[in-house]
Amino acid sequence: MSITENLQQITSSIPATITLVAVSKTKPVSDIQKAYNAGHRVFGENKVQEMEAKWKELPEDIQWHMIGHVQRNKVKYMAPFVSLIHSVDSPRLLKEINKQGKKNNRLIDCLLQLRIAEEDTKFGMTEAAITALLASEETKNFQHVNIKGLMGMATFTEDTSQLTREFQKLKSFYDSLKQTQQFSVLSMGMSGDYQLAIQNGSNMIRVGSAIFGERNY
Ligand SMILES: *Cc1c(COP(=O)(O)O)cnc(C)c1O
């Protein structure tokens, strides 16, 4: 199926309240343009400089989401335009985003990444680290970041019960934080598991290969 058909198929199979982030990492600008022509506006990338290059070439009304691990020295390249950073995984990164937001006179929307995978993964914070970050005076005083919710990446597995456990862990932590935070975004679910993620409370899914086809690295 074509990119347009894939997009239509996915969009029609999910509730309208779910935000679909089309993950275009490694894919050429021509593929993104096809999805754009089909009406799609929200794209996700995992490398700052690749996203910046695509931003320069493509229409201005695209919302660019950063979904991958970010090195602090790269924040400056996306601060002028990034729409949502899903992958805030340290206090020092959040501080740098606030600093670059100030330089660009912007309020930058962010999600905090919780480590939910039972497999060993490098990125994401523990619940305790996120709780401490949200409680700190420094975070509360940031004028240029807006923390809108949480993101998580489940284990790469087809084991539905394990995936369900991981999604439920993220959802229940999200719900507990919502009692004190103005949270509205829960980013979980990818090509292989987005239906399950939605059943478990996701309202933002990040789908790459099911739209653009397999990636060749
Ligand atoms: C690549 C990537 C995705 C999309 O993966 P697919 O399996 O191709 O849908 C989603 N989230 C993150 C963080 C990614 O790096």
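The values are calculated or read from the model by the stated rules, or taken from the named source; none is laboratory data. In this text, all values refer to a predicted model and were calculated from it rather than measured experimentally. Every residue, glycine among them, receives a Cβ derived from its backbone with ideal geometry; neighbour counts consider all protein chains shown.
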Residues satisfying the stated conditions in region 125-154, i.e. part of a loop (DSSP other than H, G, I, E, B) and either surrounded by fewer than 21 Cβ atoms within 10 Å (Cβ to Cβ) or in contact with a Gly (Cβ under 6 Å, 6 or more places away or on another chain) (or both): T126, S136, F142, Q143, H144
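Select from region 95-114 the residues that are of a type in the set (K, R) and either out of contact with any Phe, Trp or Tyr (no Cβ under 8 Å at 6 or more places or on another chain) or modelled with pLDDT under 95 (or both) and list them in ascending order.
Within region 95-114, K99, K102, K103, R106 qualify.
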Selected residue (only one of N203, N146 is in contact (Cβ under 8 Å) with a residue 60 or more places away in the chain, touching a strand residue (DSSP E or B) at 6+ places or on another chain (Cβ under 8 Å) and within 28 Å of K47 (Cβ to Cβ)): N203
Residue check, N46 touching a strand residue (DSSP E or B) at 6+ places or on another chain (Cβ under 9 Å), among the polar types (S, T, N, Q) and within 16 Å of the ligand (Cβ to nearest atom): yes
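Just name the residue that is farthest from the ligand (Cβ to nearest atom) out of those in region 200-217 that are part of a strand (DSSP E or B) and touching a His at 6+ places or on another chain (Cβ under 9 Å).
Looking only at region 200-217, we keep the residues that are part of a strand (DSSP E or B), and these are 204-207.
Filter again for touching a His at 6+ places or on another chain (Cβ under 9 Å), leaving 204, 206.
Working: M204: 11, R206: 4 Å.
The extreme case among them is M204.
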Residues of region 170-196 satisfying the condition of being under 20 Å from E45 (Cβ atoms) and either more than 11 Å from the ligand (Cβ to nearest atom) or small (G, A, S) (or both): V185, S187, G189, S191, G192
